[in-house]
Amino acid sequence: MADVFYSILCVFGLAFYGIFLGLVFSGVDRMVVARMQSRIGPPLFQPFFDVLKLLNKQDMLPANAVPGIFRMAPVVALAAAVTLLFYLPLGGIGAPVLEGRGDAILALYLLLIPGLAMVIGGFAGGSPYAAIGAQREMVTMISYELPLATVILTFAWKLASLGVAQPFSLGVMAAQPIWGYVGLLGSLGVVILFFVMLLVTPGELGRIPFDSPEAETELAGGILVEYSGRSLALFQLAMAVKTVAMGALMVTLFLPWNVSGWIALPAPVGAVADFLFFLVKVGFLLFFSVSVLRAAMARLRISDVVTGYWKWIGSAAVVGLLLILLDAKG
Amino acid sequence: MRLKANKALGRSLWVYLCNTGSCNGCDIECVALGTSRYDVERLGVKIVGSPRHADVLIVTGPVTRKMEPRLRMIYEQMPDPRFVIVAGVCGMSGGMFYDSYALAGPIDQIIPVDVYVPGCPTRPEAVIHGLSLLLEKLEKMES
Ligand code: SF4
């Protein structure tokens with residue numbers, strides 16, 4: 001009984017945590033980008049106002065939409081994004097809630113689901129703009145999946161070759177920073193994989209320069225064109241939670257250290273320090289992979305997204321993998 | 001009309017721009033709202049690409065016969081609560097095209113209008129003033 005109660009508490013706690021942090025991070029992103037463009041920019045809590053407003057607006061159903069699917073898609077997107085948080089180590093609050101019941105492969109699949117829900121919702125909306133956006137989203141997903149899977153498989157292979165039990169578990173990956181197991185050549189490989197991951201993140205989150213599925217200027221909002229009110233708010237929340245999840249995944253793979261590992265602190269203070277340090281790390285990574293790229297670049301054409309991810313970023317990931325392999329042999 | 005969201009609505013107005021046959025002067029002035037000089041994002045205003053996402057419709061230009069049904073359709077696609085701002089004298093009276101055979105009439109004969117912003121073309125500051133008038137109107141509706 002206590003177990004069930006604990007799980008329910010975790011579900012609500014984590015959903016709240018993910019949504020709150022995600023919205024704060026997107027507020028920070030908008031502020032930082034505005035400063036980079038020498039604008040004043042919106043207040044930090046602007047995303048909260050946006051979502052609150054959308055929640056209270058009329059939720060319209062387009063004339064030629066498929067009602068059930070159209071309404072379900074945003075719910076599925078948010079649910080999948082929140083579920084993802086159960087399998088990720090989230091800083092000072094210890095091991096993932098569902099540690100041992102799912103691993104990095106499951107996280108990969110769950111990362112796909114919000115995007116897939118958007119695709120299905122886009123097609124169900126019955127608008128040609130949304131249909132084009134949905135096709136672009138599918139192409140983008142196929143593109144970034146190759147480098148992302150390469151990164152995760154490299155990590156799992158490295159841990160497996162060292163004889164670590166359960167090499168695919170994200171908890172294990174966080175507990176065993178890869179930097180400690182590789183030599184000079186391998187470190188170079190890990191650095192390359194780190195940059196690959198930084199470039200996969202904006203694609204995963206549908207941000208400029210990989211936002212061709214939404215493309216405000218040519219597709220009028222693309223995949224989301226028919227969504228209004230509450231459904232649109234749910235998609236925004238799903239994206240916010242996914243931002244936190246991507247940040248947490250990057251931290252788990254590349255920067256899993258904790259403050260309490262370096263300085264001896266009493267338990268509660270250590271947990272708080274770890275948690276704050278985790279937020280700093282996530283913010284730092286998102287700053288480079290989302291904000292800086294977004295301020296500096298224009299949108300890529302969809303064909304360039306595919307070539308970019310498969311040819312350039314994909315081969316960079318393979319080079320990183322080979323360097324780590326060579327390092328292990330030599 | 002459901003107006004529960006006014007507190008949040010006033011801090012997050014999403015704008016959809018619609019050109020109903022203007023000379024493009026007012027359009028360019030309205031698009032300039034997003035630039036670093038005017039930066040309406042600091043007020044929570046965002047220019048969106050779809051009327052389904054919008055709270056405010058900014059219409060520029062006199063309404064040509066071709067655009068009349070489309071303007072109606074765009075207005076009907078916006079979710080409640082929704083507001084309309086007219087930018088430029090063209091939309092208020094026909095402006096320099098007042099006696100043209102191609103006009104279906106000023107905007108307020110086709111859809112309800114909340115705020116009029118005069119000028120030919122209207123300046124971005126004037127549009128921001130129009131938005132603040134809309135906020136005042138929202139506050140009155142709230143109380
Ligand atoms: S008001 Fe003047 S500038 Fe604006 S659309 Fe009409 S003619 Fe052009």
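Identify the residue in the range A:207-233 that is surrounded by 24 or more Cβ atoms within 10 Å (Cβ to Cβ) and touching a Pro at 6+ places or on another chain (Cβ under 6 Å) and, among all such residues, is modelled with the highest pLDDT. By that ranking, first place goes to A:SER231. Residues of the range A:287-330 that are under 19 Å from the mean Cα position of the chain (by Cα) and among the polar types (S, T, N, Q): A:SER289, A:SER291.
From the list B:VAL45, B:VAL63, which residue is more than 12 Å from the ligand (Cβ to nearest atom) and of a type outside the set (Ser, Thr, Tyr)? Explain how you work it out, then say what you get.
Details: B:VAL63 fails: more than 12 Å from the ligand (Cβ to nearest atom).
Step by step, each of B:VAL45, B:VAL63 is checked, and only B:VAL45 is more than 12 Å from the ligand (Cβ to nearest atom) and of a type outside the set (Ser, Thr, Tyr).
Going by the conditions given, is A:PRO42 in contact with a helix residue (DSSP H, G or I) (Cβ under 8 Å, 6 or more places away or on another chain), under 27 Å from B:PRO79 (Cα atoms) and within 12 Å of chain B (Cβ to nearest Cβ)?
On the way: in contact with a helix residue (DSSP H, G or I) (Cβ under 8 Å, 6 or more places away or on another chain): yes; under 27 Å from B:PRO79 (Cα atoms): yes; within 12 Å of chain B (Cβ to nearest Cβ): yes.
It is true that A:PRO42 is in contact with a helix residue (DSSP H, G or I) (Cβ under 8 Å, 6 or more places away or on another chain), under 27 Å from B:PRO79 (Cα atoms) and within 12 Å of chain B (Cβ to nearest Cβ).
Among the residues making up the range A:208-247, those that are touching a helix residue (DSSP H, G or I) at 6+ places or on another chain (Cβ under 6 Å) and charged (D, E, K, R) are A:GLU214, A:GLU226, A:ARG230, A:LYS242. Name the residue that is nearest to the chain's Cα centre (by Cα), counting only residues in the range B:80-103 that are away from the ligand (no atom under 15 Å from the Cβ) and in contact (Cβ under 8 Å) with a residue 12 or more places away in the chain. Among those residues, the one meeting the criterion is B:VAL84. Scanning the range A:93-111 for residues that are of a type outside the set (Phe, Trp, Tyr), at pLDDT 85 or above and over 18 Å from A:GLY171 (Cβ atoms) turns up nothing.
Evaluate the following for B:LEU57: is it aliphatic (A, V, I, L, M), under 19 Å from B:LEU138 (Cβ atoms), surrounded by 21 or more Cβ atoms within 10 Å (Cβ to Cβ) and touching an Asp or Glu at 6+ places or on another chain (Cβ under 9 Å)? First the steps, then the outcome.
Values: aliphatic (A, V, I, L, M): yes; under 19 Å from B:LEU138 (Cβ atoms): yes; surrounded by 21 or more Cβ atoms within 10 Å (Cβ to Cβ): yes; touching an Asp or Glu at 6+ places or on another chain (Cβ under 9 Å): no.
Against the criterion (aliphatic (A, V, I, L, M), under 19 Å from B:LEU138 (Cβ atoms), surrounded by 21 or more Cβ atoms within 10 Å (Cβ to Cβ) and touching an Asp or Glu at 6+ places or on another chain (Cβ under 9 Å)), B:LEU57 does not qualify.
The values are calculated or read from the model by the stated rules, or taken from the named source; none is laboratory data. The structure displayed is predicted, hence computed values, not measured ones. Because the Cβ atoms are built from the backbone with ideal geometry, glycine has one as well, and the counts that use them run over all protein chains shown.
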